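Each remark here refers to the structure printed beneath this line.
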Amino acid sequence: MAGESESNLKKAFEEAKKNAPSIIFIDEIDSITPNREKTHGEVEMRIVSQLLTFMDGLKSRAHVIVMGATNHPNNIDPALRRFGRFDREIDIGA
């Protein structure tokens, strides 16, 4: 169904704000937020844009934390790794 991923993302952010303090954890985030310059998938580009919008909307998110995990941090769209978004990275070596 078109727009289902974006709708699910919106619901997650709305629930997190409604139930703050809360954490949004996105595992394998690189699978839904690839570098927009290297992908031709319309869905992936829309999801990245939507996630950027939601994260920017949480600037005053004193009680909502967004975390992501990936084995491939360089595959994530660079806009998500800028200050104010996913700007703190912790490398957990195995």
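Which members of the stretch 56-89 meet the condition of being over 16 Å from E28 (Cβ atoms), part of a loop (DSSP other than H, G, I, E, B) and over 11 Å from the mean Cα position of the chain (by Cα)?
Listed by number, the residues that qualify are L58, K59, S60, R61, A62, H63, R82, F83, G84, D87, R88.
What number goes with the only condition from (1) touching a strand residue (DSSP E or B) at 6+ places or on another chain (Cβ under 8 Å); (2) among the polar types (S, T, N, Q); (3) assigned to a helix (DSSP H, G or I) that T53 does not pass?
It is condition (1) that T53 fails.
In contact with a strand residue (DSSP E or B) (Cβ under 6 Å, 6 or more places away or on another chain) and not aliphatic (A, V, I, L, M): is that true of T70 in this structure?
Here the answer is no, as T70 does not meet what is asked.
Can you tell me which of (1) touching a strand residue (DSSP E or B) at 6+ places or on another chain (Cβ under 9 Å); (2) part of a loop (DSSP other than H, G, I, E, B); (3) acidic (D, E) is the one E37 doesn't meet?
(1)
For the stretch 45-62, enumerate the residues that are surrounded by 14 or more Cβ atoms within 10 Å (Cβ to Cβ) and either hydrophobic (A, V, I, L, M, F, W, C) or farther than 20 Å from D87 by Cβ (or both).
Scanning the stretch 45-62 gives M45, R46, I47, V48, L51, L52, F54, M55, L58.
I'm trying to understand the selection: among the residues of the stretch 2-44, which are loosely packed, with under 15 Cβ neighbours inside 10 Å, aliphatic (A, V, I, L, M) and in contact with a Ser or Thr (Cβ under 9 Å, 6 or more places away or on another chain)?
V43
All of the numbers you see were taken from the coordinates with simple rules; none came from a lab. Small disclaimer: the values here were computed from a predicted structure and weren't measured. So basically every Cβ, Gly included, is an ideal-geometry build from the backbone, and we count neighbours across all protein chains shown.
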